[in-house]
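For reference, the structure discussed in these notes is given below.
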Amino acid sequence: MSGDSSPSAKLLLECVEHVSTPVYVYQADVIEQQLQRLKDAFAGADLRVMYACKALSTGAILRLMNELGTGLDTVSIQEVELGLRAGFDPSRILYTPSMVSFDELSAVAKIGAQINIDTISVLEQFGSVFGGTIPVCIRINPHIMAGGNERISTGHIDSKFGISIHQMRHVERIVTSHGMLINGLHMHTGSDILDADVFLQGAELLFDVAESFPDLTFVDFGSGFKVPYKPDDISTDIEELGAKLCQRLKLFNEKRASPVALWIEPGKFLVSQAGTFLTRVNVVKQTTSTVFAGVDSGFNHLIRPMLYNSYHHITNISNPTGTPRVYSVVGYICETDTFAWDRKIAEIHQGDVLAFSNAGAYGFTMASNYNGRLRPAEVLIRHGRIVPIRRRETIDDLVRTELDGE
Ligand SMILES: *Cc1c(COP(=O)(O)O)cnc(C)c1O
């Protein structure tokens, strides 16, 4: 649905008229549709969608998620705070950090968010401080590789995330000796789920481990729900995955005294396609080999193409019916910051507005002030209305935390 979910050029140009460029534009109805798809796909389970807010954590988006009834998956105490400010009850916030200080972990535990622990020594420390007073979820590394080569593999043996599935005996000893309450088991491999069956083989390992934990109220399968970036991209067949996982969970629950809920943590799946990033062409530069279109942005605003080599479809919304020509789209940062090489785009003139699709996830949240540039504005389109949700930064924002050093 990458094509049909794009807002009309007219609406996008209206946003530019309101707040100029560069600007991130998000469509609330696309977020809602994606959430509904998940609810339908996992209809066979007691589902809780924990939105992974590192994908996009602007307050208006978090408030929208809260209104739509999702929980929140967070990775830092600051994200927890953002969630609280957006109105989330702490009980609906899951905290899944990596390598944070014990002080931070304790502070979040006291706030009342669901703690997820992914290191044996931390589990032990938590147990000795809190015993069974605060329930804990355990993040397991099942050593699967659901994306990439599409095989169950021990390839992730070196991953810094999770407690190895081979260390469960040790975990059980710690839990027993400290009288800990383990209410959840979690896995998130981070890789794209391309094949439901491979993912399910990994899930099987989690269900095995779950047999040893009588107090579980949920199992959390993380994310990895891939969305299409290119028109012919493979994406996760969420409907197939949902049906199969729910079926498996049902079998598992039949043997339990009380059934466990199913949690998932989509980030990208909920917000990627809802977002479009708009930039203006500063310069069209013909070199001996290439025609460059240089825009008023760079990896300071959208780093995914440079960091992950990811593809973002680019359209010239100022001249949509222009003759397609081949361009390399680059930024204005004094570094190599190529958004796209040799892309066919409707003829570009200086001043045209280029739209980058699928920019809702890991766009603004990864933006920086490199080169002294200001971070973009953000706009939410809801019920056909254009609502600014973040103003563009000013030079004062840039120096706000500086001290004069005297
Ligand atoms: C980043 C992250 C997610 C979300 O991943 P997406 O690919 O954006 O869906 C979910 N869970 C955890 C623990 C994460 O770190």
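Values as computed for the structure displayed
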item	result
Qualifying residue in region 260-277 (condition: away from the ligand (no atom under 16 Å from the Cβ) and open to solvent by 70 Å² or more (accessible area, probe 1.4 Å))	no
Qualifying position, being polar (S, T, N, Q) and surrounded by 16 or more Cβ atoms within 10 Å (Cβ to Cβ), among N319, N309	N319
Verdict on F292 being more than 15 Å from the ligand (Cβ to nearest atom), assigned to a strand (DSSP E or B) and open to solvent by 10 Å² or more (accessible area, probe 1.4 Å)	yes
Residue match in region 202-224 (condition: modelled with pLDDT under 90 and either more than 16 Å from the ligand (Cβ to nearest atom) or over 23 Å from the mean Cα position of the chain (by Cα) (or both))	no
In region 100-111, residue nearest to the ligand (Cβ to nearest atom) [restricted to those that are open to solvent by 20 Å² or more (accessible area, probe 1.4 Å) and farther than 18 Å from A52 by Cα]	E104
Residue satisfying all of: in region 230-245; open to solvent by less than 20 Å² (accessible area, probe 1.4 Å) and within 14 Å of the ligand (Cβ to nearest atom); farthest from T315 (Cα to Cα) among these	L241
Strands (runs of 3 or more DSSP E) wholly inside region 1-107 containing at least 2 residues that are assigned by TED's automatic domain parsing to the domain that holds L241	47-52, 71-74, 93-95
Residue selected from region 145-178 under the condition modelled with pLDDT under 75 and in a strand (DSSP E or B), by the criterion nearest to the chain's Cα centre (by Cα)	M145
Flag if E347 is farther than 15 Å from L278 by Cα and touching a Gly at 6+ places or on another chain (Cβ under 6 Å)	yes
Region 55-72 - residue that is open to solvent by 10 Å² or more (accessible area, probe 1.4 Å) and of a type outside the set (A, V, I, L, M, F, W, C) and, of those, nearest to A361 (Cα to Cα)	S57
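The values are calculated or read from the model by the stated rules, or taken from the named source; none is laboratory data. From a predicted model like this one, the values you see are computed outputs, not experimental measurements. A quick note on method: Cβ atoms are made from the backbone with ideal geometry, for glycine too, and the neighbour counts reach across all protein chains shown. Ligands, DNA and RNA are excluded from the accessible area calculation, which covers all protein heavy atoms including side chains. Shrake-Rupley method; radii C 1.70, N 1.55, O 1.52, S 1.80 Å.
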